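Comments concern the structure below.
The values are calculated or read from the model by the stated rules, or taken from the named source; none is laboratory data. As the structure is a prediction and not an experimental result, all values here were calculated from the model. Using ideal geometry, Cβ is built from the backbone for each residue, glycine included, and neighbour counts are taken over all protein chains shown.
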Amino acid sequence: MKIAIHNNKGFAERWIAYCKERNISYKIVNCYDNNIIEQLSDCDAFMWHFHHASPKDFLFAKQLLYSVQMSGKKVFPDFNTVWHFDDKVGQKYLLESINAPLVTTHIFYTKEEALSWAKNTEYPKVFKLRGGAGSTNVQLVKKQSEAIKLINQSFSKGHKSDSVVSFKDSFNKYQKHKITFLELLKNGVRHIIPTEFTKVYGKQRGYVLFQDFIPNNHFDIRIIVIGEKAFGIKRLVRENDFRASGSGNIIYRKDEIDEECVKIAFELNQQLKTQCIAIDYVFKNTQPLIVEISYGFLACVYDSCEGYWDSQLVWHKGHVNPYGWMIDNIITK
Ligand SMILES: Nc1ncnc2c1ncn2[C@@H]1O[C@H](COP(=O)(O)OP(=O)(O)O)[C@@H](O)[C@H]1O
Ligand SMILES: [Mg+2]
């Protein structure tokens with residue numbers, strides 16, 4: 001078994017380290033080369049942790065991965081794992097179709113239907129674009145007039161899909177010495193001059209998506225399942241905000257994580273048959289509800305996890321190496 005790995009920032013450096021450690025045969029390939037398929041010809045598997053906000057990756061990552069999968073090679077992420085990635089519209093249909101506990105999600109493809117719904121529903125609601133991460137494209141809609149404004153925009157000039165961390169988040173990180181002044185400045189500039197991603201991705205229009213707002217959540221829970229193993233974190237919401245994703249305030253203690261979320265995550269993955277799935281939950285009273293799913297995550301955030309659950313929900317304390325699990329599963333499954 002020889003694994004082709006596209007070496008970029010993300011999981012790749014950890015995959016490569018694991019392969020070296022275990023003497024697993026691998027080859028570095030470059031997905032952006034015209035002859036990528038040829039480069040893969042002497043390999044049995046292909047792994048690429050592509051990024052949702054890369055203008056290049058967005059253009060062809062899924063298409064390349066599905067193509068290689070169709071040729072009979074193993075790929076990571078495969079079709080089941082990734083077709084719904086960065087696509088909250090796809091996730092609504094997928095999770096509804098298997099009766100998963102998704103936060104009630106409303107989608108409209110005409111202005112008339114959206115407006116008629118907005119005039120007869122209760123507020124607040126949560127407005128989301130189909131793509132985005134770190135809460136960049138998620139906002140609270142407190143009243144009908146705000147919903148109407150968003151709907152009108154969805155069916156006229158559209159919305160800019162933001163891949164850039166908000167200036168407020170960036171400033172908070174600067175204050176906590178997590179980023180330099182130069183990085184803060186760069187973030188500011190990205191809000192003024194459109195990024196390459198914004199230009200390639202284009203405006204979001206022609207649909208509008210809202211979720212019911214689940215109040216009183218001071219955190220969300222993210223559980224990641226890879227095969228028969230799961231690990232998780234608790235993310236606190238930003239100050240005076242309802243959004244946790246991207247806040248950077250993370251709690252790693254196992255007893256802070258409701259195991260019902262872990263149980264649901266394993267059950268869900270049995271149906272979805274993914275290689276890797278991160279599931280974000282908020283709580284309606286004590287009931288966990290899913291807000292979104294994703295195959296990718298920021299590796300360094302999970303280095304402090306204290307252990308993992310197996311599919312019997314038995315806890316195994318110790319260092320977790322999800323990137324090694326991904327390789328093991330590619331080799332054995
Ligand atoms: N329907 C909802 N009700 C309450 N809080 C929500 C809801 N949807 C999202 N959130 C909060 O907002 C954050 C960002 O939402 P999410 O859909 O996960 O977007 P992103 O893809 O940017 O992470 C979540 O981490 C959660 O804290
Ligand atoms: Mg999220």
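Taken together, LYS2, LYS56 contain a single residue that is in contact with a strand residue (DSSP E or B) (Cβ under 7 Å, 6 or more places away or on another chain) and over 22 Å from GLN270 (Cα atoms), which is LYS2. If you take the residues of segment 292-320 that are in a loop (DSSP other than H, G, I, E, B) and within 16 Å of ligand 1 (Cβ to nearest atom), which of them is surrounded by the fewest Cβ atoms within 10 Å (Cβ to Cβ)? So the residue we want is LEU298. With respect to being at pLDDT 95 or above and closer than 22 Å to ARG235 by Cα, THR104 fits the description.
Exactly one residue out of ILE192, ILE223 is within 16 Å of ligand 2 (Cβ to nearest atom) and of a type in the set (Val, Ile, Thr): that is ILE223. The set of residues from segment 83-116 being within 16 Å of ligand 1 (Cβ to nearest atom) and more than 30 Å from PHE266 (Cβ to Cβ) is empty.
What residue, of ASP162, ASP169, is within 16 Å of ligand 2 (Cβ to nearest atom), within 24 Å of GLY248 (Cα to Cα) and part of a helix (DSSP H, G or I)?
None of the other options fit; the residue is ASP169.
Taken over segment 219-241, the criterion of being at pLDDT below 95 and within 11 Å of ligand 1 (Cβ to nearest atom) is satisfied by ARG238, ASP241.
Mind checking whether some residue in segment 241-250 is aliphatic (A, V, I, L, M), surrounded by fewer than 20 Cβ atoms within 10 Å (Cβ to Cβ) and under 16 Å from the mean Cα position of the chain (by Cα)? No; the residues of segment 241-250 include none that is aliphatic (A, V, I, L, M), surrounded by fewer than 20 Cβ atoms within 10 Å (Cβ to Cβ) and under 16 Å from the mean Cα position of the chain (by Cα). Write out, first by first residue and then by second, each pair whose Cβ atoms fall under 6 Å of each other, whose residues are 6+ apart or on separate chains, and whose first residue, in segment 126-144, is closer than 18 Å to TYR201 by Cβ while the second is within 10 Å of ligand 1 (Cβ to nearest atom) and among the small types (Gly, Ala, Ser). Sorted first by the residue in segment 126-144, then by its partner, the pairs are GLY134/SER245; GLY134/GLY246; SER135/SER245; SER135/GLY246. Scanning segment 243-267 for residues that are within 16 Å of ligand 1 (Cβ to nearest atom) and among the charged types (D, E, K, R) yields ARG243, GLU256, ASP258.
Taking segment 82-155 and the helices (runs of 4 or more DSSP H) fully enclosed by it, the elements with 2 or more residues that are buried (at least 17 other Cβ atoms within 10 Å of the Cβ) and within 18 Å of the chain's Cα centre (by Cα) are at 88-97.
Looking only at segment 117-156, which residues are among the charged types (D, E, K, R) and more than 16 Å from ligand 2 (Cβ to nearest atom)?
The answer is LYS119, GLU122, LYS125, LYS142, LYS143, GLU146, LYS149.
Go through segment 275-298 and give me each residue that's touching a residue at least 60 places away in the same chain (Cβ under 8 Å), more than 16 Å from ligand 2 (Cβ to nearest atom) and within 25 Å of VAL138 (Cβ to Cβ).
Of everything in segment 275-298, those that are touching a residue at least 60 places away in the same chain (Cβ under 8 Å), more than 16 Å from ligand 2 (Cβ to nearest atom) and within 25 Å of VAL138 (Cβ to Cβ) turn out to be LYS284, GLN287.
Within segment 274-291, the presence of at least one residue that is assigned to a strand (DSSP E or B), away from ligand 1 (no atom under 11 Å from the Cβ) and surrounded by fewer than 18 Cβ atoms within 10 Å (Cβ to Cβ) is confirmed. Total residues in segment 203-253 satisfying the condition of being within 15 Å of VAL291 (Cβ to Cβ) and of a type outside the set (A, V, I, L, M, F, W, C): the figure is 16.
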